[in-house]
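The values are calculated or read from the model by the stated rules, or taken from the named source; none is laboratory data. Please read all numbers here as calculations on a predicted model, not as lab measurements. Quick reminder, even Gly has a Cβ in these numbers, built from the backbone with ideal geometry, and neighbours come from all protein chains shown. For accessibility, only protein heavy atoms count, side chains too; no ligands or nucleic acids. Shrake-Rupley method; radii C 1.70, N 1.55, O 1.52, S 1.80 Å.
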Amino acid sequence: QVQLVESGGGLVQPGGSLRLSCAASGIVFSIYAMGWYRQAPGKQRELVATFTSGGGTNYANSVKGRFTISRDNAKNTVYLQMNSLKPEDTAVYYCNAVHFITAYWGQGTQVTVSS
């Protein structure tokens, strides 16, 4: 059974930082392109940051320079370091694993940026 379990969300003040984690099980983690997406209330789910199939990274313009995606294949975990958070970063953040036509999603973790 495949599971992607996100953690690390919460309430943070503008300008603060959070690190999200996504622990994967049931897949050969190293062959999957891992990524983070988010969905704000009333909006469509959007890409935040992903690893490409070639091992590179891709970021949404809105988070470039502030967010960093990383992975630890030994721990089957992908991370999203979020710095200089803004109120518009408020959303449910989802972990995603893709290999060819196979894709899995986590249940999401809430990030709220507010003073």
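Some values worked out for this structure:
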read-out: Answer residue from the stretch 71-91, given it is out of contact with any Pro (no Cβ under 8 Å at 6 or more places or on another chain) and in contact (Cβ under 8 Å) with a residue 60 or more places away in the chain and is farthest from Gly35 (Cα to Cα) among those; value: Ser84
read-out: Unmet criterion (only one of (1) within 14 Å of Val113 (Cβ to Cβ); (2) under 14 Å from the mean Cα position of the chain (by Cα)) for Gly15; value: (2)
read-out: Filtered residue count, the stretch 57-113, keeping only those that are more than 15 Å from Glu46 (Cβ to Cβ), part of a loop (DSSP other than H, G, I, E, B) and touching a helix residue (DSSP H, G or I) at 6+ places or on another chain (Cβ under 8 Å); value: 2
read-out: Close pairs (9 angstrom Cβ cut-off, 6 or more residues apart or separate chains): over 16 Å from Leu4 (Cβ atoms) and in contact (Cβ under 8 Å) with a residue 24 or more places away in the chain in the stretch 100-115, of a type in the set (Lys, Arg) and open to solvent by 20 Å² or more (accessible area, probe 1.4 Å) anywhere; value: Val113/Lys86
read-out: Selected residue (criterion: modelled with the lowest pLDDT) from residues of the stretch 1-22 that are open to solvent by 50 Å² or more (accessible area, probe 1.4 Å) and in a loop (DSSP other than H, G, I, E, B); value: Gln1
read-out: Enumeration of residues in the stretch 23-33 that are of a type outside the set (Ser, Thr, Tyr) and either free of Cβ contacts under 8 Å to residues at least 40 places away in the same chain or open to solvent by 50 Å² or more (accessible area, probe 1.4 Å) (or both); value: Gly26, Val28, Ile31
